[in-house]
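Worksheet: the structure to be examined is printed underneath.
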Amino acid sequence: DIKELQKSEPKIDEIPFDSLHKYSSSLHRLESGRKVIYLMGAPEVIFEKSIVADVKELQAKDDELTSQGYRVVALAYKEIANQREEIGRDDLKDMDFVGFVALHDPIRKRAKEAIEICQRAGMRPIIVTGDHKLTAKAVAEKVGFKVSGENILEGKELERLSDEEFKRIFKDIQIYSRVTPEQKLRIIDAWQAEGQIVAMTGDGVNDAPALKKANIGVALGSGTEVAKEAADLVLLTDDFEIIVVAVEEGRRIIDNIRKIITYLLTGGFTEVMLIGAAIISRLPLPVLASQILWKNLIESTPVAMALTFEPKEKGIMSRKPEPAHLPLLTKRMKVFIFVIGLLTNFLLFGIFWWMWQNPNYGPAKIDLIRSVMFAGLAIDSFFFIFSFRNLRLNLWHYNPFSNMRLNIVVLTAFLLLMAAIYLPPFQVLLRTAPFGFFEWSILLAYALVDIVLIEAAKWYYRR
């Protein structure tokens with residue numbers, strides 16, 4: 001019984017475990033009045049501090065256990081007769097070796113799948129551990145790593161390497177074993193010097209410097225408070241798969257942000273260009289301020305908000321990571337916003353100019369012309385929102401109507417547009433006038449041309 005043992009052999013002093021010395025020790029008082037030192041730690045360290053008849057035999061047993069994926073701890077003890085009440089590191093010699101304790105930490109069911117997804121997504125998982133290299137190798141192979149002796153580097157070997165030597169080989173290293181906190185910092189420095197984004201997981205006090213140094217420090221929920229304070233994120237479930245899910249969700253969020261920005265700026269740019277072209281041409285305003293306000297607040301904004309519910313794109317975790325300094329507004333987005341927006345604006349302005357010059361419309365029907373422009377801006381945004389659901393794939397590669405929230409919002413916005421044009425109270429408020437099938441067919445053709453231009457740009461970038 002542990003409690004009885006603690007009473008019969010009370011602890012007087014201890015040396016806690018640290019990754020530098022790789023052992024812990026405690027001093028206890030026996031019932032006889034003598035004292036005993038218990039030592040526990042890495043087998044190779046305990047061998048050096050113990051009286052062992054056949055080190056090679058013990059080392060072979062250690063290798064046998066670690067190669068099966070066990071975490072092996074060696075035990076030793078020594079009785080002393082002095083009256084000291086504290087233990088020193090100099091006392092830890094000529095110990096009586098006791099044996100091994102082999103610990104098995106089962107691999108989570110989806111760990112291998114998570115590693116595969118990481119590799120497919122362009123991330124490079126690396127094992128950095130204080131465990132024996134054979135333990136790390138056995139675990140790595142179980143989760144899908146392809147490692148050989150050349151891909152494993154022990155802490156003592158890393159210590160002997162100069163910075164230049166380490167720089168030549170670090171990209172090939174898949175497993176670091178028996179490393180110290182300082183060596184973890186050195187590994188992170190090497191990758192960051194190559195311009196890579198480094199995420200580091202850890203749970204102990206000794207991991208805190210590395211968690212702070214990494215671009216993204218990830219502490220385990222079961223870890224120490226020091227590690228959690230130093231980290232950027234804390235995994236409450238201690239599951240590596242959560243990191244993969246977080247990356248996937250992050251990609252979905254940034255995709256949707258870019259879709260919303262592209263959608264809103266394309267519509268805004270078209271409005272600015274349409275009004276600007278009319279002013280330069282000394283023509284009346286194509287749309288009134290109240291109509292622009294209605295279009296932006298009632299039609300465009302709810303539709304853009306519906307894009308936040310856009311599900312992740314197919315193959316999102318098969319894409320390579322974006323460059324670290326890639327701006328939020330990408331080159332592809334700029335083409336959609338400015339080039340496509342400019343071309344479609346010329347079309348819409350051309351319709352405005354033609355109606356203004358046409359004797360069937362002209363100055364006498366300025367409210368009707370403005371209503372057509374008002375509807376044109378709205379209808380155009382209703383159409384290209386389905387193209388902007390995916391900035392990479394063309395419409396025929398995905399179901400443009402699979403986001404039901406978006407479909408409902410677009411339908412509602414269209415009905416509100418109809419109300420703004422055909423209901424008398426809104427006609428007075430927005431100074432709109434009803435128009436017929438011919439004008440609607442022109443706007444439909446204009447919106448289809450816009451869709452064709454957007455899809456052509458996406459096809460070009462895919463090529």
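The values are calculated or read from the model by the stated rules, or taken from the named source; none is laboratory data. Computed from a prediction, not measured in an experiment: that's the story for all the values here. Reconstructed Cβ throughout: ideal geometry from the backbone, glycine too, with neighbour counts over all protein chains shown. For the accessible areas, the whole protein counts, side chains as well, though only heavy atoms, and no ligand, DNA or RNA atoms are used. Shrake-Rupley method; radii C 1.70, N 1.55, O 1.52, S 1.80 Å.
Looking across segment 280-295, the residues that are farther than 13 Å from PHE349 by Cβ, surrounded by fewer than 18 Cβ atoms within 10 Å (Cβ to Cβ) and not aliphatic (A, V, I, L, M) come down to ARG282, SER290.
For the structure I just gave you, tell me whether PHE47 is open to solvent by less than 50 Å² (accessible area, probe 1.4 Å), within 25 Å of GLY155 (Cβ to Cβ), among the aromatic types (Phe, Trp, Tyr) and more than 39 Å from the chain's Cα centre (by Cα).
Working: open to solvent by less than 50 Å² (accessible area, probe 1.4 Å): yes; within 25 Å of GLY155 (Cβ to Cβ): yes; among the aromatic types (Phe, Trp, Tyr): yes; more than 39 Å from the chain's Cα centre (by Cα): yes.
When the stated conditions are applied, PHE47 passes them.
Let's see how each residue does on (1) more than 39 Å from the chain's Cα centre (by Cα); (2) of a type in the set (Asp, Glu); (3) open to solvent by 30 Å² or more (accessible area, probe 1.4 Å):
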site: PRO363; (1), (2), (3): yes, no, yes
site: ILE369; (1), (2), (3): yes, no, no
site: ASP380; (1), (2), (3): no, yes, no
site: ASN390; (1), (2), (3): no, no, no
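You will find that of VAL234, VAL205, VAL244, VAL272, the residue that is within 27 Å of GLU299 (Cα to Cα) and either open to solvent by less than 50 Å² (accessible area, probe 1.4 Å) or at pLDDT below 95 (or both) is VAL272 and no other.
Take SER381 and tell me if it is touching a residue at least 12 places away in the same chain (Cβ under 8 Å), more than 28 Å from ARG252 (Cα to Cα) and assigned to a helix (DSSP H, G or I).
Values: touching a residue at least 12 places away in the same chain (Cβ under 8 Å): yes; more than 28 Å from ARG252 (Cα to Cα): no; assigned to a helix (DSSP H, G or I): yes.
No: the conditions fail for SER381.
Each residue in segment 418-439 was checked for being open to solvent by 40 Å² or more (accessible area, probe 1.4 Å) and in contact with a helix residue (DSSP H, G or I) (Cβ under 8 Å, 6 or more places away or on another chain), and 5 pass. Of the candidates GLN83, GLN119, the single residue that is closer than 28 Å to SER318 by Cα, surrounded by fewer than 16 Cβ atoms within 10 Å (Cβ to Cβ) and not aliphatic (A, V, I, L, M) is GLN119.
Can ASN394 be described as crowded, with 18+ Cβ neighbours inside 10 Å and in contact (Cβ under 8 Å) with a residue 24 or more places away in the chain?
On the way: crowded, with 18+ Cβ neighbours inside 10 Å: no; in contact (Cβ under 8 Å) with a residue 24 or more places away in the chain: yes.
Spelling it out, it is not the case that ASN394 is crowded, with 18+ Cβ neighbours inside 10 Å and in contact (Cβ under 8 Å) with a residue 24 or more places away in the chain.
Counting the residues of segment 285-300 that are under 11 Å from ALA413 (Cβ atoms) and either among the aliphatic types (A, V, I, L, M) or modelled with pLDDT of 90 or more (or both) gives 4.
Among the residues of segment 122-140, the ones that are surrounded by 20 or more Cβ atoms within 10 Å (Cβ to Cβ) and assigned to a helix (DSSP H, G or I) come to 7 in all. Residues that are in a helix (DSSP H, G or I), acidic (Asp, Glu) and in contact (Cβ under 8 Å) with a residue 12 or more places away in the chain do not occur anywhere in segment 8-15.
Applying a threshold of 8 Å to beta carbon distances and a minimum spacing of six or more residues, or different chains, the list of pairs starting in segment 408-424 at a residue that is farther than 15 Å from TRP440 by Cα and ending at one that is open to solvent by 70 Å² or more (accessible area, probe 1.4 Å) and part of a helix (DSSP H, G or I) reads VAL409/MET305.
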